[in-house]
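Following: one structure in structure tokens, then a few remarks.
The values are calculated or read from the model by the stated rules, or taken from the named source; none is laboratory data. Worth saying up front: this structure is predicted, and the values here are computed from it rather than measured. Here the Cβ is made from the backbone with ideal geometry for all residues, glycine too, and neighbour counts use every protein chain on show. The area values use the complete protein model at the heavy-atom level, side chains included, leaving out ligands, DNA and RNA. Shrake-Rupley method; radii C 1.70, N 1.55, O 1.52, S 1.80 Å.
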Amino acid sequence: QVQLVESGGGLVQAGGSLRLSCEASGSGFSINAMGWYRQAPGKQRELVATITRGGNTNYADSVKGRFTISIDNTKNTVYLQMNSLKPEDTAVYSCKGVVTLIGKIYANQYWGQGTQVTVSS
């Protein structure tokens, strides 16, 4: 079993920065990719950014140039550096891991519990 635990959310003023972290823990697994998603009140969950184990990244247009996703494979941890935050970035941010368990040929998806990011104007 794999657990994902996020940290780093909070309240920040517009124009400020936050750094989210998500650590995958457990035993006998290999990370294929990790990503950040967010859900604002009354809206559907949307992709923010993803990164593969090899470092290939993908960003939502709304965060390009402001957010940076990175991964530390030695720590099984993905980070999301968020700069120039806007009130519309306010949401619950959740981490997703695409993981292959040792001995298996298929990948599973695991989600963290989410962390609140609030940007005040």
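Collect the residues in the stretch 33-52 that are more than 15 Å from Trp111 (Cβ to Cβ) and within 14 Å of the chain's Cα centre (by Cα), keeping them in residue-number order. Within the stretch 33-52, Ala49, Ile51, Thr52 qualify.
Residues of the stretch 72-80 include at least one that is open to solvent by less than 60 Å² (accessible area, probe 1.4 Å), farther than 13 Å from Val117 by Cβ and touching a residue at least 60 places away in the same chain (Cβ under 8 Å). If the condition is being open to solvent by 40 Å² or more (accessible area, probe 1.4 Å) and hydroxyl-bearing (Ser, Thr, Tyr), then the stretch 22-71 contributes Ser25, Ser27, Ser30, Thr52, Thr57, Tyr59, Ser62, Thr68, Ser70.
Taking each residue of the stretch 40-67 that is of a type in the set (Asp, Glu) and looking for partners that are open to solvent by 40 Å² or more (accessible area, probe 1.4 Å) with beta-carbon atoms closer than 8 Å, six or more apart or interchain, yields Glu46/Gln39.
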